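Notes for the one structure printed next.
Since every read-out is calculated from the coordinates, none of them should be taken as a lab result. This is a predicted model, so every value here is computed, not measured. Neighbour counts run over all protein chains shown; Cβ positions are idealised from the backbone, glycine included.
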Amino acid sequence: MSTPMIDITDLSKFYGKARGIEHLNLEINEGEIFGFIGPNGAGKSTTIRILMNMIFPTGGSARIMGMDVIRETKKIKSLVGYIPSDANAYSAMDVHEFLTYCIRFYQVENGEKRITELSELFELDLNRKIDELSLGNRKKVSIVQSLMHSPKLLILDEPTTGLDPLMQSVFFELLRSENKRGMTIFFSSHILGEVQMFCKRVAIIKEGKIIQLEDIDTLRKKQLKKVSIEFTDQLIKENLTIPGVEKVITGPDNIISFMYSGTLNDLVGFLSGKKLINLMIEEPSLDEIFMHYYKN
Amino acid sequence: MNRNLFLKEMRRNASSLMIWMIVITFLIVLTMSVYRTFMDNQSKIVGMLSLIPKGALQFKGISNFNDLLSVLGFYSVNNIIYMMVLGSIFAIVLSSNILLKEEYNKTAEYLLTRPVNRSEIFFSKLAVLLLNVFLLNLVTSLAGFICIELVKRAPFSIGSFLILSTYTLLLNILFAAIGLFISTLIKRAKPVTTFSIGLVLILYFIYTLSKITESASKIGYISPFRFANVDAINPYYSLEFWHLAYFIGISLLLTGLSCRLYIRKDIYT
């Protein structure tokens, strides 16, 4: 069995008494595109900062490519690329100067060529001063610096903030092609749509703990259904008490919709004999799944 | 030490170093340029100075009017505030920000995710700090030496001049170590420049107060200025072992503690 790309065991971080993450366990395999979703303050950035050895865990351990993130951080960082959510590059430098400074930390052949290739792809002006750049262009700089040494693992923390849709598409296309060449991608975001579109497997983090870890497809198909019923029988609305019904929304013209985590047999059993006009059972979007886990 | 980081930091601090060098050199040249006028009118000036209360003169570092008549005495009395106080302010401001600015400027996420250990970051920045302090001292001492050579009316002891310069350098390095230590204690990054400057000025004030008031002489020992002997025209002027041990020992201790704290520090941006 091959060594996991990221192996987090019982990882905890407390800031005094405040919880960062608590007994987190996670295993990400080589070549995966893994989504890590949760709202602000759930513990996503704390986890990433421990992986990048910016902060130290209170308990547990984390390994990247089998190496301890504290003891072997230098070796790990030579193989990892990182896009921070909100980082400012050295404002007095121009883009080229900054990227050259970054690439000199790695033993990269044809570094200059790589900088040019990636900058052209993202239409980045290398001569502009960093402090003159817009948020979107600073993000492009951040993307280029993370990829120019061709890392084996790419850790992304809210990577698309500030990027226009065209550049987002270029970015995701590039990530897909790098992934095909073997790069593992750890994608942390609270934008569920892009996680849904891009990732194969996802972990949902809530209050410092992973509450769900699934394939995106399985997560959607596994339990939760979005049910819409158009009815003429008011009893449906009044007696909708079967287990697994949540978040009932009453629409116009005798339509109700709700999230349903019970069995289809129970639902069909309940509806049999009732006067229905229309029944629709759909797979919910990731947003709806996410809200479901968060409400519970 | 990481060469890439060292060179980047040297470039980043070059303009600041240049400005401090120019300002301190200018002040030294300005002060020393009045030495000949002072000597030509020494009886009048000494007469004027005698009207000033002794405590006020001691606050300025003048304990004996005769100190001012020797070119080295004039240099040490008039330039201590520039070379020792301003030099220490330069050292503490640079040192208290050299690690911390990566955090409050939000560049730490780029630096700490490079293949470089915390200890390499620390020692690269320490090397930049020491080289900056050394260059400032070298240039300002050289300027002082040239000024003394140009305005002197009698020979002076080069050995004493070098001892005075060594004390200044050691004092500046000690303040650099203090600044570094303070910065590693800060949990949530913010600039500590005002605090650092205030600390140097308070310690200088304590030192001068201890010289003025007999009853306050003991509190002078809490100030590093007390251990930088500026009595350069004393025939027994030398680098005293315990003073050297004080500067080197505390500087090494604080630097060692800073390194240890930085290596284990949680860094946020």
*Helix-derived [θ] at 222 nm for chain A: sum -39500 (n - 2.57) over DSSP H runs of at least 4, divide by residue count, nearest 500?*
-9500 deg cm²/dmol
*Reachable lysines from A:Lys17, criterion Cα separation under 22 angstrom, eight or more residues apart if same chain*: A:Lys44, A:Lys206, A:Lys209, B:Lys187, B:Lys265
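Kirkwood hydrodynamic radius, computed over distinct alpha-carbon pairs, for the protein assembly as shown: how many Å, to one decimal? All intermediate terms of the calculation are to be shown ahead of the outcome.
On the way: mean 1/r = 0.0352 Å⁻¹.
It works out to 28.4 Å.
Cut-off is 10 Å between beta-carbons; in what order do A:Lys247, A:Lys44, A:Lys206 appear when sorted fewest neighbours first? Could you put the intermediate results ahead of the total?
Numbers: A:Lys247 13, A:Lys44 23, A:Lys206 17.
With the sparsest Cβ surroundings first, the list reads A:Lys247, A:Lys206, A:Lys44.
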*Sorted peptide list for B:38-45, B:108-115, B:18-25, criterion being average Cβ within 10 angstrom, highest first*: B:108-115, B:18-25, B:38-45
*When the Debye formula is applied to the Cα atoms of chain B, each taken as the same point scatterer, what base-10 log of I(q)/I(0) results at q = 0.13, 0.14 Å⁻¹?*
-0.87, -0.98
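Which entries in the list A:Lys140/A:Lys180; B:Lys190/B:Lys218; A:Lys77/A:Lys113; A:Lys13/B:Lys106; A:Lys13/A:Lys113 go over 30 Å, if you measure between the two C-alpha atoms of each? All intermediate terms of the calculation are to be shown ahead of the outcome.
Working: A:Lys140/A:Lys180 22 Å; B:Lys190/B:Lys218 35 Å; A:Lys77/A:Lys113 22 Å; A:Lys13/B:Lys106 22 Å; A:Lys13/A:Lys113 41 Å.
The pairs that break the limit, which is 30 Å between Cα atoms, are B:Lys190/B:Lys218; A:Lys13/A:Lys113.
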_Please list 3J(HN,Hα) in residue order for the range A:96-102, calculated via the Karplus relation 6.51 cos²θ - 1.76 cosθ + 1.60 where θ = phi - 60°; whole Hz, with x for glycine and proline._
5, 4, 5, 5, 5, 4, 5
*Could you tell me how many degrees, from 0 to 90 and to the nearest 10, lie between the Cα long axis of helix B:87-98 and the main elongation axis, the longest principal axis, of the Cα atoms of chain B?*
10 degrees
_log10 of Debye I(q)/I(0), alpha-carbon scatterers only, for chain A at 0.08, 0.11 Å⁻¹_ = -0.45, -0.74
*Straight distance only, please: which aspartates and glutamates reach the Cα of A:Lys225 with their own Cα at less than 12 Å, same-chain residues fewer than 8 apart left out?*
A:Glu246, A:Glu282, A:Glu283, A:Glu288
*Averaged over B:100-112, how many beta carbons belonging to a partner chain fall within 10 Å of each residue's beta carbon?*
5
*In terms of modelled amide H atoms, which long-range or inter-chain residues lie less than 5 Å from the amide H of A:Gly35?*
A:Phe187, A:Lys200, A:Arg201, A:Val202, A:Ala203
